[in-house]
1. So between A:Thr116 and A:Cys128, what do we pick up on full extension, going 0.36 nm a residue minus the alpha carbon distance?
2. Simple spin-label model, 7 Å along Cα-to-Cβ: B:Thr7 to A:Lys92 in nm?
3. More than 16 Å apart: what percent of Cα pairs in segment B:8-98 qualify?
4. Can you compute the charge dipole magnitude of the protein assembly as shown about its Cα centre, using +1 on each Lys and Arg Cβ and -1 on each Asp and Glu Cβ, nothing else charged? Give it in debye, rounded to the nearest 20.
5. With just the Cα atoms defining each centre, how far is segment A:77-101 from segment A:118-180? Give it in Å.
6. Using θ = phi - 60° and the Karplus relation 6.51 cos²θ - 1.76 cosθ + 1.60, list the HN-Hα couplings for segment A:157-164 in order, rounded to whole Hz, with x at every Gly or Pro.
7. Given labels modelled 7 Å from the Cα in the Cβ direction, how far is it in nm from A:Arg38 to A:Phe154?
8. Go ahead and estimate [θ] at 222 nm for the protein assembly as shown from helices alone: -39,500 (n - 2.57) per DSSP H run with n ≥ 4, summed, over the residue count, rounded to 500.
Amino acid sequence: MRRVIRKAFFIWNFREEEKWINEMSEQGLHLVDAGRFRYVFEEGEPGAYRYRLELLQNYPSHAESADYIAFMEETGAEYVDHVDRWVYFRKKAADGEFDLYSDINSRIDHVGRILTLIRILAVVEGICVVMELLAGFVGHVEAARPIAGFLACFEVLLLMGWKKVKAIHDGLVRERAIRE
Amino acid sequence: MEAIALTEAVYYILLSLDRPLHGYGIMQNAEQLSGGRVRLAAGTLYGALNTLLEKGWIKALEENGRKKEYEITELGREAVRREILRLRELLSNGEMITKGWDA
């Protein structure tokens, strides 16, 4: 039996998303298909899998990513699906612990990658806000004003998300000063 | 040569590659060598292997089937030797100082 659940997570809530997918798996609903705001689960034995979510440097179709995914599969993980550069891996719980990273440097790299993505989105979004503001208040295009307002709200959200991930990143960097 | 400290992951990867192994073999070997303490996660291992290849400390062997195997090079051995000297210094200094703590 398959079950489709629609749910949205912002980029900066990647930890919450991973936690939710694992909680679903604990209840016997295993993720088999991930889309934008859409998750397909298959019913099975509760707690049979552990899931991990990762932002890759390149799209999964890229040679480097394909090489990485093949490597993950060699080590017993299963590639479930991807949404843009986000990939979902799982491993049978019976095969033991499943972590993507085992040292602080690789964790910092991963969080840094997410931070860069949010930063790019925030810059692009910021430019859009300025353009709409100019159109609305300098060019006197009335319709641009509510759009500017809407985009500005989203920009604030992005900046809050950036701050959240930055705090995670900086915490890890501080930790690195004293340990591996 | 600049004095560098290897990460625990790199140290165990280099030791494991004393004989040709593929990725999963390295993970198993490192865990076994360390008595179950060191568990290399695949993402960390993958990144470290690529960096070690670039530095020439390990080499990739001809692919047999789909799994790529790796082996340590002379440069890699040199890095391990230097690391052992460093560890020996750490250990002897640590023991010398802490010896007096429980007296």
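1. Numbers: separation 12, 0.36 × 12 = 4.32 nm, distance 1.85 nm.
Going from the current span to full extension adds 2.5 nm.
2. 3.0 nm
3. Values: 2274 of 4095 pairs.
Roughly 56 percent, once rounded to a whole number.
4. On the way: 38 positive and 44 negative charges, 103 e Å.
Dipole about the Cα centre, nearest 20: 500 debye.
5. After rounding, the separation between the Cα centres reads 30 Å.
6. 4, 4, 5, 5, x, 4, 4, 4
7. For A:Arg38 paired with A:Phe154, the spin-label model returns 2.0 nm.
8. On the way: 8 runs with 147 residues, N = 283.
The per-residue figure over the protein assembly as shown is -17500 deg cm²/dmol.
Just so you know, all these numbers are worked out from the coordinates, no wet-lab data involved. Every value quoted in this text rests on a predicted model; they were computed, and no experiment measured them. Neighbour counts run over all protein chains shown; Cβ positions are idealised from the backbone, glycine included.
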